[in-house]
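> This structure is in structure tokens; I'll ask about it shortly.
The values are calculated or read from the model by the stated rules, or taken from the named source; none is laboratory data. Model, not experiment: these values are computed from the prediction. Cβ placement follows ideal geometry from the backbone for every residue including glycine, while neighbour counts extend to all protein chains displayed. Areas reflect the complete protein model, heavy atoms only, side chains present, ligands, DNA and RNA absent. Shrake-Rupley method; radii C 1.70, N 1.55, O 1.52, S 1.80 Å.
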Amino acid sequence: MNYLITFIFLVTLSFSAFSQNETLTNEEIILMTRAGLSKELIIRKIMDSTGKFEMAAQDLIDLKKAGVADEVIALMLDKPRQSSETTQDSVPVSESFPVSPNTAVSHIVLAPKEAMRNAKTVALKKSSAYPARQALEKELLKRKDWNDLNLIIVRHKEDADIFIEIGYVSLSWLTRRYVWRVYDNKSGTVIAAGETTSWGNLAKNLASQISRKLSSTLSD
């Protein structure tokens with residue numbers, strides 16, 4: 001019996017590793033939707049694969065007409081686009097975050113404390129379906145330590161002084177681990193980083209960790 005369990009686990013692990021190298025397109029998402037796959041299964045497939053999605057206005061309309069769920073379309077919008085010009089997409093999501101393509105665009109070097117002192121605005125960037133952006137924003141705004149930071153949340157990363165990047169750790173289907181980092185948008189300085197799980201309330205777990213670590217960065 002133990003041999004059978006071990007065999008099943010290894011097959012599952014191999015399939016998951018293979019799916020990491022698969023590239024999904026709009027057409028494949030539409031085909032999965034029309035085949036009757038649930039939005040939860042499609043979301044999981046997107047999270048475990050590379051995305052090469054076309055997301056212009058007409059593409060969004062075509063996806064909606066094809067019956068693709070709004071949650072799936074939202075994840076497609078957030079999924080980093082595969083690019084032959086960078087090596088980011090060739091690196092699987094792991095415990096260490098891939099460097100953002102807009103990180104380190106300046107030669108200015110800032111200490112984390114200095115970057116936090118200069119920051120007035122913050123944006124959220126996700127490579128995972130969960131938590132929902134609105135849920136995380138809500139949990140952050142509930143916290144006194146977050147409000148004491150006096151940061152204004154903006155929608156687009158390009159408009160923010162700092163941004164929070166959140167990603168799901170691939171192959172952590174048992175522990176459901178998520179990693180996060182906070183970057184200074186101009187210098188690329190990593191201000192804070194951490195890891196949590198989705199056990200309980202993922203948005204609340206992330207809000208608690210992020211708020212506490214950013215607050216401690218200012219007090220160090």
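> Amide H to amide H, which residues 5 or more places from Leu24 or on other chains are under 5 Å from it, using H placed in the peptide plane?
It is Thr50, Gly51, Lys52, by chain and number.
> Residues of the stretch 116-220: accessible area per residue at 1.4 Å, in Å²?
Accessible surface, normalised per residue, equals 47 Å².
> Hey, which lysines would be in cross-link range of Lys65, C-alpha to C-alpha under 19 Å, not counting anything within fewer than 8 residues on its own chain?
Lys39
> Convert each backbone phi in the stretch 189-199 into a coupling constant with the Karplus relation 6.51 cos²θ - 1.76 cosθ + 1.60 (shift: θ = phi - 60°), then list the ³J(HN,Hα) values in order as whole Hz, x for Gly and Pro.
4, 7, 7, 7, 8, x, 8, 8, 10, 8, 5
> Which aspartates and glutamates does Lys213 reach when only Cα atoms under 12 Å apart count, and residues fewer than 8 places away in its own chain are ignored?
Correct list for Lys213: Asp145, Glu195.
> Counting only other residues whose beta carbon sits under 10 Å from that of Thr25, what net charge do I get with K and R as +1, D and E as -1?
Working: positive: Lys52; negative: Glu27, Glu28, Glu54.
The answer is -2.
> By a straight-distance test (C-alpha under 17 Å), which lysines pair with Lys126 as possible cross-link partners, with residues fewer than eight away in the same chain excluded?
Counting by Cα, and skipping residues close in sequence, Lys126 has these lysines nearby: Lys45, Lys52, Lys79, Lys138, Lys157, Lys204.
> Percent of Cα-Cα pairs per 10 Å bin, from 0 to the last occupied bin, for the stretch 22-63, please list those.
Here the calculated profile for the stretch 22-63 is 28, 59, 13.
> If you don't mind, another one. Could you give the length gained by full extension between Ser38 and Val154, i.e. 0.36 nm per residue of separation minus their alpha carbon distance, to one decimal place? Mind dumping the intermediate values first?
Working: separation 116, 0.36 × 116 = 41.76 nm, distance 3.19 nm.
My answer for the length gained is 38.6 nm.
> Pop out the ³J(HN,Hα) list for the stretch 132-144 in order, Karplus 6.51 cos²θ - 1.76 cosθ + 1.60 with θ = phi - 60°, rounded to Hz; leave Gly and Pro as x.
5, 4, 5, 5, 5, 4, 4, 5, 5, 5, 6, 8, 5
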